[in-house]
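*Asks:* For reference, the structure I am asking about is given below.
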Amino acid sequence: MTEVTGETRHTPAEAALDAAWKRRRPTPIVPGQNVAGSALVLVIAIMTFLSCLTLGGVTLVRDTSAVWQNQIAREATIQIRPLDGLDMEAALSEAAGIAASFPGVLGAKVVDRAATARLLEPWLGSGLDIDELPVPRLVIVTIDQAKPPDFAALREVLTAKVQGLSLDDHRTWVDRLVVMARTTVMLGVAILVLMLAATTLTVIFATRGAMAGNGHIIEVLHFVGAEAKFIATEFRRHFLLTGMKGAAAGGLAAIVVFVAFGLWSARNIATPVADQASALFGNFAIGPAGYAGVALIVLAIAGLTAVTSHVTVVAFLNDLDSRAPDA
């Protein structure tokens, strides 16, 4: 008795064999997940995590540098040193009044005792009595960014009226900090490039290792007519999945770190340590642009993993073709 399927006649044994063959899962060209594959996922995750941290650090430094530049344009500081016989409160009030009435100045604010003690707390500790120490007092001058004052003329008027006074427009030291910030950004970009290069080399070695494990199968497939594009596509699909797993894990870990630092900064606001950290790095929030950068790094590393494996396989097969006539 035979079974008719379309125009082809099969015996029951042949039909069963054909059904079993259709149900059979083809053996993949690329080895499945093993110890080496898990190690590659971990390496990619670590590289992605470090790359995202580098990007976040570069973003923080860049944003803080922009804040420093903005502060240059809108603030200056009057410092009055304590002298014998000097009425500090009267001198501060007089200096603030003179500065506030000067052309190009929007306002002047005296830094009170509590704020001064907070500024010195990281170095001198809490419970500081300002009157017991020869601590200079400050006046913050807000200037008009569109029409800044003549600092030389303002300095001359103030020093003539108030003893022990000095005016600092912050330009010298903030310019140095801005240069340092830009240098840090360049170093961060260089480190990011090196990490991507290290990831590329890791994927190349992993691809070659996977090919070595199934080298005889790949050679047979290639010599019986399988195109290099087909074989490379199998590797690319495998390593794309591997790269996406590792990159997603590393990116998620970096986001957790950024969120944790942001929460720490928010919870410790108005403390001396947080004030000093905020002065250097802002509020530890990388913002939407930073998170978009993390997503781009995750996608870039996953894509780089796939492309690198594809190129490596094609190069290997091309080299195999070039050596074939000599065999």
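The values are calculated or read from the model by the stated rules, or taken from the named source; none is laboratory data. Computed from a predicted model, the values in this text were never measured in an experiment. No Cβ is skipped: glycine too gets one built from the backbone with ideal geometry, and neighbour counts run over all protein chains shown.
*Asks:* Would you check which residues across the stretch 87-98 are loosely packed, with under 15 Cβ neighbours inside 10 Å and not small (Gly, Ala, Ser) and list them?
*Replies:* 87, 89
*Asks:* Does any residue of the stretch 197-217 turn out to be more than 30 Å from residue 305 (Cβ to Cβ) and either in the same structural domain as residue 296 (by TED's automatic domain parsing) or exposed (fewer than 15 other Cβ atoms within 10 Å of the Cβ) (or both)? Lay out the reasoning, then the answer.
*Replies:* At the first step, the residues of the stretch 197-217 found to be more than 30 Å from residue 305 (Cβ to Cβ) are none.
Checked the stretch 197-217: no residue is more than 30 Å from residue 305 (Cβ to Cβ) and either in the same structural domain as residue 296 (by TED's automatic domain parsing) or exposed (fewer than 15 other Cβ atoms within 10 Å of the Cβ) (or both).
*Asks:* When you scan the stretch 138-150, do you find a residue that is loosely packed, with under 15 Cβ neighbours inside 10 Å and either more than 24 Å from residue 68 (Cβ to Cβ) or touching a strand residue (DSSP E or B) at 6+ places or on another chain (Cβ under 6 Å) (or both), even just one? Give the steps one after another, and end with the answer.
*Replies:* Looking only at the stretch 138-150, we keep the residues that are loosely packed, with under 15 Cβ neighbours inside 10 Å, and these are 144-147, 150.
If we keep only those that are either more than 24 Å from residue 68 (Cβ to Cβ) or touching a strand residue (DSSP E or B) at 6+ places or on another chain (Cβ under 6 Å) (or both) as well, we get 144.
Yes.
*Asks:* Same structure, new question: Taking the stretch 296-322 as the search range and keeping residues that are out of contact with any helix residue (DSSP H, G or I) (no Cβ under 7 Å at 6 or more places or on another chain) and small (Gly, Ala, Ser), which one is modelled with the lowest pLDDT?
*Replies:* Across the stretch 296-322, the extreme among qualifying residues is 322.
*Asks:* Taking the options 72, 98, name whichever one is more than 27 Å from residue 180 (Cα to Cα) and in a helix (DSSP H, G or I). Break it down into steps so the answer makes sense when it comes.
*Replies:* Working: 72 fails: more than 27 Å from residue 180 (Cα to Cα).
Exactly one residue qualifies, and that residue is 98.
*Asks:* Would you call residue 59 in contact (Cβ under 8 Å) with a residue 12 or more places away in the chain and assigned by TED's automatic domain parsing to the domain that holds residue 185?
*Replies:* Numbers: in contact (Cβ under 8 Å) with a residue 12 or more places away in the chain: yes; assigned by TED's automatic domain parsing to the domain that holds residue 185: yes.
Taking the combined requirement at face value, the residue satisfies it.
*Asks:* For the stretch 155-183, name all the residues that are modelled with pLDDT of 85 or more, in a helix (DSSP H, G or I) and either of a type in the set (Val, Ile, Thr) or under 30 Å from residue 54 (Cα atoms) (or both).
*Replies:* Going residue by residue through the stretch 155-183, those that are modelled with pLDDT of 85 or more are 155-168, 183.
Filter once more, keeping what is in a helix (DSSP H, G or I): 155-161, 183.
Selection gives 157, 159, 183.
*Asks:* Within the stretch 121-154, take every residue that is of a type in the set (Asp, Glu) and in a helix (DSSP H, G or I) and give me the one that is nearest to residue 90 (Cα to Cα).
*Replies:* It comes out as 131.
*Asks:* Can you find a residue that is at pLDDT below 85, within 20 Å of the chain's Cα centre (by Cα) and assigned to a helix (DSSP H, G or I) anywhere in the stretch 215-234?
*Replies:* Narrowing the stretch 215-234 to residues at pLDDT below 85: 215-234.
With the extra rule that they be within 20 Å of the chain's Cα centre (by Cα), the set shrinks to none.
No, the stretch 215-234 contains no residue that is at pLDDT below 85, within 20 Å of the chain's Cα centre (by Cα) and assigned to a helix (DSSP H, G or I).
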